[in-house]
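**Q** Here you go, one structure.
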């Protein structure tokens, strides 16, 4: 329905898009950083779908709330403060700050225009938008390091299990005829983010208890490092016994991550089904 309330919200939405367009475009055009954030474009689409599919409940009772306007102004102030820091922050962190401020501005505006009941009913899709915010570098580096360590340990375990002679120096493995390093690019950060976001959606749609949701999300780390270990060992064995090009630029090395991502996603699906069955059994028992 076209009314003054919706027109105001469209204007606010366009303002938020303008606020993040320039920094986000710069981030996504950066080859090194864009690999981490290929999911960002999908987040507002998913959020919009979730709001649209539940619009009858969300917009059943609308009211203006001054508190929302104050939150929106706070987001605007944070945005302008972030603009003054341009040049003092990295592209990643500057975009993170501006995007977060723009989201505060937009969510505050949603609260202001549609009220508390709408905010409560749309809480999940609104919070889900946080995945649009680039992860600050310090946090990203710590996550990547944790994934590197886990992937290295799993890879070393696999090499020993299959009986391949290997000498290890930190993240570097020396094998017959080849040496490899579990570098940052091998950490699986992209697939970890993809699995985590998918897991959050699965929790929202299919699970009820916080315990079940916690178990599913906690399973993502071991799934990721297991997948990474399988990928690293597979590429290494192909390089040793078939062609060294599998490690130096073949398709499976450059773009074949999805080949190993799909089985990890399937395993997560099995865990999800087990958790759902457990919830149903518990409900029947009560």
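The numbers here are math on the coordinates, done by the rules we state, and not lab data. All figures in this text were calculated on a predicted structure; none of them were measured in a lab. Backbone-built Cβ (ideal geometry, glycine too); neighbour counts: all protein chains shown.
**Q** How long, wide and thick is segment 139-285, going by the Cα atoms along their three principal axes, in whole angstroms, largest first?
**A** Taking the Cα atoms of segment 139-285, the three principal extents are 58, 32, 27 Å.
**Q** Next up: Can you give the extra length, in nm with one decimal, that the chain gains between residue 29 and residue 41 once fully stretched, where that is 0.36 nm per residue apart less the Cα-Cα distance? Can you show the working numbers first?
**A** Details: separation 12, 0.36 × 12 = 4.32 nm, distance 1.30 nm.
Answer, rounded to one decimal: 3.0 nm.
**Q** Quick check: the angle from helix 4-29's long axis to the longest principal axis of the chain, C-alpha only, nearest 10 degrees?
**A** 30
**Q** Run the paramagnetic zone check for residue 280: 7 angstrom along Cα to Cβ, then residues of segment 205-223 with backbone nitrogen under 14 Å.
**A** 206-208, by backbone N distance to the label point.
**Q** Take every Cα pair under 8 Å in segment 65-223 that's 6+ residues apart, average their separations, divide by the length, and report that relative contact order as a whole percent.
**A** Once normalised by length, the contact order is 18 percent.
**Q** May I ask for the distance between the Cα centers of segment 79-128 and segment 181-208, given as a whole number of Å?
**A** Using only Cα atoms, the two centres lie 23 Å from each other.
**Q** Using the beta-carbon distance between residue 162 and residue 185 and R0 = 35 Å, what value does 1/(1 + (r/R0)^6) give for FRET efficiency, to the nearest 0.05?
**A** Calculated value: 0.90.
**Q** Pairs of alpha-carbon atoms within less than 8 angstrom and 6+ residues apart define the contacts here; what relative contact order does segment 1-108 have, in percent?
**A** 40
**Q** To the nearest 500 deg cm²/dmol, what mean residue ellipticity at 222 nm is calculated for the chain from DSSP H runs of n ≥ 4 alone, each contributing -39,500 (n - 2.57), summed and divided by the residues?
**A** Value at 222 nm, helices only: -24000 deg cm²/dmol.
**Q** Mind ordering 29-35, 202-208 by average Cβ neighbours within 10 Å, highest first?
**A** Output ranking for 29-35, 202-208: 202-208, 29-35.
**Q** Could you tell me the center-to-center distance, by alpha carbons, between segment 224-244 and segment 129-178 in angstrom?
**A** Distance between centres, Cα-based: 13 Å.
**Q** Give the relative contact order (percent, whole number) for the chain; include only Cα pairs under 8 Å separated by 6+ residues. All intermediate terms of the calculation are to be shown ahead of the outcome.
**A** On the way: 309 pairs, mean separation 46.6, N = 286.
The normalised contact order for the chain reaches 16 percent.
**Q** Separate question: Any chance you could give the angle, 0 to 90 degrees and rounded to 10, that helix 66-84 forms with the longest Cα principal axis of the chain?
**A** Relative to the chain, helix 66-84 is tipped by roughly 50 degrees.
**Q** Determine the gain in length on full extension of the stretch residue 145-residue 60; use 0.36 nm per residue of separation and subtract their C-alpha separation, reporting nm with one decimal.
**A** 25.9 nm
**Q** Arrange the peptides 9-15, 96-102, 131-137, 161-167 so that the one whose residues have, on average, the most other Cβ atoms within 10 Å appears first. Present the calculation step by step, with values, prior to reporting the outcome.
**A** Numbers: 9-15: 13.7, 96-102: 23.9, 131-137: 19.4, 161-167: 10.9.
The peptides rank, most packed first, as 96-102, 131-137, 9-15, 161-167.
**Q** Each label point is 7 Å from the Cα along the Cα-to-Cβ direction; what then is the distance between the points at residue 265 and residue 77, in nm?
**A** For the pair residue 265/residue 77, the computed spacing is 4.3 nm.
**Q** Using alpha carbons only, how many degrees (0 to 90, rounded to 10) separate the axis of helix 257-285 from the longest principal axis of the chain?
**A** 60
**Q** Once fully extended, how much extra length lies between residue 15 and residue 116, figured as 0.36 nm per residue of separation less the alpha-carbon to alpha-carbon distance?
**A** Values: separation 101, 0.36 × 101 = 36.36 nm, distance 2.21 nm.
Full extension from residue 15 to residue 116 adds 34.2 nm.
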